[in-house]
There are 2 protein chains.
Amino acid sequence: MTINILFAAKYERWTTYEPHLRTALDAKGLSYSIGTDIAPPDVDYIVYAPNSDVQDFAPYTKCKAVLNLWAGVEAVVHNTTLTQPLARMVDHGLTQGMIDWVCGHTLRHHLGMDRHIHGQDGLWREGIVPPLAQDRTVCILGLGALGAACGDKLSYLGFDVRGWSRRQKHIEGITCYSGQDGLNAALSGAEIVILLLPDTPDTENLLNATTLALLAKGASIINPGRGPLIDDAALLQSLDAGQVGHATLDVFRIEPLPNDHPYWAHPNVTVTPHIASETRPKTASEIIAENIYRGEHGLDLLHLVDRNAGY
Amino acid sequence: MTINILFAAKYERWTTYEPHLRTALDAKGLSYSIGTDIAPPDVDYIVYAPNSDVQDFAPYTKCKAVLNLWAGVEAVVHNTTLTQPLARMVDHGLTQGMIDWVCGHTLRHHLGMDRHIHGQDGLWREGIVPPLAQDRTVCILGLGALGAACGDKLSYLGFDVRGWSRRQKHIEGITCYSGQDGLNAALSGAEIVILLLPDTPDTENLLNATTLALLAKGASIINPGRGPLIDDAALLQSLDAGQVGHATLDVFRIEPLPNDHPYWAHPNVTVTPHIASETRPKTASEIIAENIYRGEHGLDLLHLVDRNAGY
C-alpha cells in the first residue's frame, strides 16, 4: 500500500527538499508517493511549513500526522481545523546551527568585539581586558532542545551559565530555575541573556521593563528565539538608558523588519535577518522519514506537540 | 632563611601584582622578601618580564631561576648572560582568555558576522546560510598549552579541527600533524587557520606565499600568537588576490602597529591591539609561588624552557 505524502510549503522549498526526502524515505524502506499536489482525501501525511497554502486541515480526512518543517509551531498549533497529531522539527542541523550562532554572538558580546571590528582607524585601543568566561554570567531563557544544547556548549567554554524553563529541569553545567520566582533569580545580575523560548501567550513580552531592570547594568540581549518574547518599546527604552548595553536580534514581530524600524537605526542594536538557524534539508528529511516510519508501524511520533502547552 | 624575590617588570605592573604575589607566597608558607629593588648578589628568584630593565643576568650570582610573567620567551631565551633556569608562564587565566578570544573570532569568521555587524542599513540580508561547524575545517598551528586548549573547545563546538606541531602530538578531537609534510597536509584546504606557535627561527614566516596558497580559497587567518609567524607582504598579496578572505591579527612585528601600516586600511583585515590574552595577576601569581616553592624544595620547575628549542 502506497503512503501518500503531501509536501506543503512554499514551492521553492520543494526543489530543495525533494531529493533529500526521497533519499531518507528510501532508506527507511517505505513505499510512498510524494508531491505538492495530492487530493486532500488521499493524503496520509503532510510535511508542513506554517506559511504554506494549507490552512484548513478538514479536507485531509485520513491524514495521520502533520510533520512541521520548523521548530516553531505557534502559527499552526491553535488552528482549530487541525485534529491530527502535530510534530515539531527537532533537527540536528538546526540545533548545530543554533549552537554556532548563539556561542558566536555570546563570545562577541563577552569580548566586546565590535569595538575592534568598527575601530580600524589606526588607533591602538589596548587596556580594556574583558573578564574571563568563568566570571561572566549567561542566562538562557528556555531549556528545550535548543536552549539545553547551547547551554551545554557555553558551559564547556567556561561561562557561568544559568537557565530558566517553565518546568524545572536538571542539566549538568547549568544552574536551572523555573517558575516566576525562578525567573527573577535567573535574570538578576545576568550579563548576557539568550532567548530560546517558544512563542506562547505565557512567554509574550517576557522581557519587559520589569524584567530588564533585573539584569546587570549594560547587559547584552541575544534573541534567536521569537520576536514577541520582547516588549520592543521597553527594550528600546532600556537601551537608551544604558541598562541594556547591546541587543542582537534575529527575530521580530514583523519580518523582514521594516526598514524604518528604530532597531535598524539604534547604535546598540544588531539586526540579523532570521538566520540564527534554519532547518537543514538533509538532516530534517531524516527526521520526517523517521516519523512517517513510526506512524506506519504504530510507534510514538518523535517531538509530538502538546497542543495545550502550545509547543 | 628569607628568600629574596626581585620583581623585574615595568613599574606599573608592580602595584597590580604585589598583593596577588604576597597572597600566593603566603599561601605556600614561604618566608620571603619581595620588591623591585634588591641588590643583584642577594636575589634568589627573578619574576621577569622581558621588557624590564634587567637585561644582564651576570650580576645575579646566586639566582636560582628566572620566572617569566609571559607565555612568550623569545626576547629572553637567547640572552647569553642568562645561565639560570628559565620558566615560561602557563597561566590558567591566560589560557582561558585565549580560549575566549580564539573561539570567539573563529565563530565570527565561520558565521560571517561582520556582514551583519556592518550591515545595519535596513536591508534584510537573508539567504546566505553558513555551513555547520562540522563542515568547517579549522587548522591550529601550534599545539602547546594554548593551542591544545583552544582545539579541545573548538572540537567540542563541533568544528572539524586539525592541528600541527613540531613534534607529533596525539590529542583527542584533533587530527594531529607534524613535520614539513604534515604542515602541508594540515594547511591544505583549511578554511580557518589559527596561529599559536612560539616565535623561533624555525617558525618565522611560516605563513608565506607558498603555505597561504595551500588554504581553501577565501580562508580566514587568525593570529593571536606572534607577529613574525606571518610574511606580511605575502599575506597582503593573498588578501588582495582573494586567496585569503579575511585576517584578524592581534600581534605584529612592531607594536603598537604603526598607524600607516597597510593592515589598518585593508578592508579584509581586523587589527586587535595585542589583547587576545594577557597574564592574569591572580592566577599567574599562583604559578610563580608554586615554582618558588618547588625551587626551594628541590622539585622540578613547572614549564621549564628548553633553551635549544627556544620555548
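The values are calculated or read from the model by the stated rules, or taken from the named source; none is laboratory data. What you are looking at is a predicted structure, and each value in this text was computed from that prediction instead of being measured. With ideal geometry, Cβ positions are generated from the backbone for all residues, glycine too; neighbour counts draw on all protein chains shown.
When only residues in the stretch B:9-32 that are in a helix (DSSP H, G or I) and among the hydrophobic types (A, V, I, L, M, F, W, C) count, which is nearest to residue B:52 (Cα to Cα)?
B:14
Take the residues of the stretch B:266-297 that are under 15 Å from the mean Cα position of the chain (by Cα) and polar (S, T, N, Q): which is nearest to the other protein chains (Cβ to nearest Cβ)?
B:272
So, in the stretch B:91-110, exactly how many residues are surrounded by 24 or more Cβ atoms within 10 Å (Cβ to Cβ), aliphatic (A, V, I, L, M) and at the interface with chain A (Cβ under 9 Å from one of its Cβ atoms)?
Of the residues in that region, 1 qualify.
Can you tell me how many residues within the stretch A:130-149 are of a type in the set (A, V, I, L, M), surrounded by fewer than 24 Cβ atoms within 10 Å (Cβ to Cβ) and away from chain B (no Cβ under 14 Å)?
2
Name the residue, out of A:102, A:138, that is part of a strand (DSSP E or B) and in contact (Cβ under 8 Å) with a residue 24 or more places away in the chain.
Exactly one residue qualifies, and that residue is A:138.
Please go through the stretch A:57-73 and pick out each residue that is under 20 Å from the mean Cα position of the chain (by Cα) and modelled with pLDDT of 90 or more.
A:66, A:67, A:68, A:69, A:73
Which numbered condition in (1) in a loop (DSSP other than H, G, I, E, B); (2) modelled with pLDDT of 95 or more is the only one that residue A:109 fails?
So the condition that residue A:109 fails would be (1).
Of all residues in the stretch A:36-66, how many are part of a strand (DSSP E or B) and either surrounded by fewer than 19 Cβ atoms within 10 Å (Cβ to Cβ) or touching a Phe, Trp or Tyr at 6+ places or on another chain (Cβ under 6 Å) (or both)?
Residues in the stretch A:36-66 being part of a strand (DSSP E or B) and either surrounded by fewer than 19 Cβ atoms within 10 Å (Cβ to Cβ) or touching a Phe, Trp or Tyr at 6+ places or on another chain (Cβ under 6 Å) (or both): 3 in total.
Please go through the stretch A:252-265 and give me each residue that is more than 8 Å from every other protein chain (Cβ to nearest Cβ) and either within 14 Å of residue B:116 (Cβ to Cβ) or under 17 Å from the mean Cα position of the chain (by Cα) (or both), ordered by number.
Matches in the stretch A:252-265: A:252, A:253, A:254, A:263.
Residue under question is residue B:182, and the condition is that it be part of a helix (DSSP H, G or I) and either under 30 Å from residue A:267 (Cα atoms) or among the acidic types (Asp, Glu) (or both); does it hold?
no
In the stretch A:150-167, which residue that is assigned to a loop (DSSP other than H, G, I, E, B) and touching a residue at least 12 places away in the same chain (Cβ under 8 Å) is farthest from the other protein chains (Cβ to nearest Cβ)?
Selected residue: A:166.
I'd like the full set of residues that are surrounded by fewer than 16 Cβ atoms within 10 Å (Cβ to Cβ) and of a type in the set (A, V, I, L, M), limited to the stretch B:16-29.
Of everything in the stretch B:16-29, just one residue is surrounded by fewer than 16 Cβ atoms within 10 Å (Cβ to Cβ) and of a type in the set (A, V, I, L, M), namely B:27.
Conditions first: (1) surrounded by fewer than 24 Cβ atoms within 10 Å (Cβ to Cβ); (2) touching a helix residue (DSSP H, G or I) at 6+ places or on another chain (Cβ under 9 Å); (3) farther than 17 Å from residue A:103 by Cα; (4) within 14 Å of chain A (Cβ to nearest Cβ). Residue B:115 passes all but one, so which condition is the exception?
(2)
With the requirement that a residue be in a helix (DSSP H, G or I) and under 16 Å from residue B:115 (Cβ atoms), what does the stretch A:112-129 give you?
A:114, A:117
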